[in-house]
1. Restricting to Cα pairs below 8 Å that are 6+ residues apart, what does the relative contact order work out to for region 75-185? Please round to a whole percent.
2. Could you go through region 210-216 in sequence order and give the Karplus-derived ³J(HN,Hα) for each residue, using 6.51 cos²θ - 1.76 cosθ + 1.60 with θ = phi - 60°, rounded to whole Hz, and x for Gly and Pro?
3. Around Leu245, which amide H atoms from residues at least 5 apart in sequence, or from another chain, sit under 5 Å from its own amide H, with H modelled in the peptide plane?
4. Given H placed on each backbone N at 1.01 Å, which residues far from Tyr221 in sequence or on other chains put an amide H within less than 5 Å of it?
5. For the residue pair Lys2 and Tyr16, what label-to-label distance in nm results when each label sits 7 Å from Cα along the Cα-to-beta-carbon direction?
6. Quickly work out the Ala215-to-Ser85 label distance, labels modelled 7 Å from Cα along the C-beta direction, and quote it in nm with one decimal.
7. Full extension from Asp31 to Leu252: what is 0.36 nm times the residue separation minus their Cα-Cα distance, to one decimal in nm?
8. Give me, ordered by chain and number, the residues 5 or more places off Leu68 or on other chains with an amide H under 5 Å from its own placed amide H.
Amino acid sequence: MKNLISITDLTREDIYKLVELAEDIIAHPKDYQEICHGKKLATLFFEPSTRTRLSFEAAMLELGGSVLGFSEAASSSAAKGESVSDTIRTVGCYADIIAMRHPKEGAPVAAAVKSTVPLINAGDGGHFHPTQTLTDLLTIYREKGRFRDLTIGLCGDLKFGRTVHSLIEAMMRYENVNFVLIAPEELRLPDYMKEKMKQANASFRETRRLEDVIADLDILYMTRVQRERFFNEEDYIRLKDTYILDAEKMRLAREDLAVLHPLPRVNEIAVEVDDDPRAAYFRQVKNGKYIRMALLLTMLGLSKEVRA
């Protein structure tokens, strides 16, 4: 695997191998401590991030490698007008692999063309976020033991939510997966995504009310309304608290529901839900480190060196 730009760059077999490797890392962490000794990861974050950047860095450090990079565009030569292509070619002289986040859709595609080392898209605008999707997939697998025969509710910002788009792209390839799209009119899933779902014969329905469907769900994927994607502050304020998952709504849900959230959250999940055993979002955070460890090993061609 040379680059990872979209989750569709991975086959179902690729995903299973990454999940399997992540499970082995979780079970036998000491066996992986020095595999990336002498390797360097560059984290190029032209847009702020906490979990994604730190989980990539933690992943490489736990594999025995090292990390360099920047956490905002103002800290890089982009502030002087340097192109993404030139930044990537320069950083490729220093690092063995690059994880890049950029606010502009398609920027990782342009960067990958010029990159001399493997490049991972760590999120590009409202487009794709494949490593968050891998995190979601590992979490679904660990919570449910399967990818098929699931009803998945996606709630909140389905228009700009790149994590939602990537998760749909991944999960609609599995058998008997039913999607419930829960959003206000202004934040509904874009037509191009619904067209993809139709072409794949994926089952989905749309609704505005979480209360009406939560009892049907195996997975509830909550998302925040993203202030940074709005051009109009009034629209953001009007929509930001449309859905708030609280203990009262959780009483309507199944005992085996798993609640996921890519984080950060604002108001969309009440703090009282955190102690519910069905709240899987902090377990999801930890899974993000393990799946990125598996991805780094695979893209660096080191996965063959793991335990027999």
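1. On the way: 151 pairs, mean separation 22.7, N = 111.
Result for region 75-185 is 20 percent.
2. Running phi through 6.51 cos²θ - 1.76 cosθ + 1.60 with θ = phi - 60° gives 5, 4, 6, 10, 4, 5, 8 Hz.
3. Residues meeting the criterion, in which the H sits 1.01 Å from N, are Ile269, Ala270.
4. Gly153, Leu154, Cys155, Leu260
5. Label-label distance for Lys2 and Tyr16, simple model: 2.7 nm.
6. 5.8
7. That works out to 75.2 nm of additional length.
8. Excluding prolines and chain starts, which carry no amide H, the hits are Leu41, Ala42, Thr43.
Laboratory data are not the source of any read-out in this text; all were calculated from the coordinates shown. The structure presented is a predicted model; accordingly, all values stated were derived computationally and were not measured. Here the Cβ is made from the backbone with ideal geometry for all residues, glycine too, and neighbour counts use every protein chain on show.
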